[in-house]
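One structure is given below, encoded as structure tokens.
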Amino acid sequence: MPIDQSPAEGQAARPVVPPSVRVAVITMGVLAALLLTNAALLWYGYDSAVDRIAREADVARDEARQFVLMSLIPNLVLGLLLTLSAWFLPRRRPWARWTGLAASGLLALLTLFQVVVTAGITVASLLVLVLSVAAVTSLLARTTGAWMPTLRTPA
């Protein structure tokens, strides 16, 4: 439809997606891709990762196996949550905003915890932290909240 024409009768105008929603969708999509790729690579190299950790940390193989699983599961779960949120947020599903906010906030906290425990920051952890904070601030933006549909109570 050309820009100068109004929508036909019976056809509702699509609300314009604010920049804060676009930023949230992009950052959550990138975070989801990073986390799911990391989980897939860790799963693919599961045995070698377990062997390397058991050898370098001088721990039993069962403990190394548990450590690798505890690294893989959060990446997988948060990656799937962020994927769903990034997919359904442009479709104006309110739950996608809150799920994305919870997953991004948790990821930011986990990354900060990792940086403090290891006493060092890597390029990857800095990237995840910046993207997580960008997603959280975009999802909490006033324009994002105003764009989301409101619940109508029956009269």
For the chain, which whole-number percentage of the solvent-accessible area (1.4 Å probe, protein heavy atoms only) is attributable to carbon and sulfur atoms? 68 percent
Would you mind calculating the relative contact order of the chain from Cα pairs under 8 angstrom and at least 6 residues apart, reporting the percent as a whole number? 33 percent
Hydropathy at least -1.0 by Kyte-Doolittle, axial extent at least 18 angstrom from the Cα trace: which helices of the chain, defined as entire DSSP H runs, fit? 19-44, 61-88, 94-118, 123-140
What does the C-alpha gyration tensor say about the overall shape of the range 38-106? Classify as rounded when a/c is under 1.5, otherwise prolate if a/b is larger than b/c, or oblate. prolate
Read through the labelled values (i) 15.3, 56; (ii) 20.3, 72; (iii) 18.1, 57 and report the label of the one computed as Rg and Dmax of the Cα atoms in Å from the structure. (ii)
Of MET70, MET148, which has the most accessible area with a 1.4 Å probe, and how do the rest follow in descending order? MET70, MET148
Protection-proxy order for peptides 78-86, 115-123, each taking the mean of Cβ atoms within 10 Å per residue, highest first: 78-86, 115-123
I'd like to check one number: the per residue accessible area of the range 1-145, probe 1.4 Å, reported in Å² as a whole number. 65 Å²
So how much accessible area does ARG52 have, in Å² to the nearest 10, using a 1.4 Å probe? 120 Å²
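The values are calculated or read from the model by the stated rules, or taken from the named source; none is laboratory data. Not measured: the values here are computed from a predicted model. Every residue, glycine among them, receives a Cβ derived from its backbone with ideal geometry; neighbour counts consider all protein chains shown. SASA here: full protein model, heavy atoms, side chains in, ligands and nucleic acids out. Shrake-Rupley method; radii C 1.70, N 1.55, O 1.52, S 1.80 Å.
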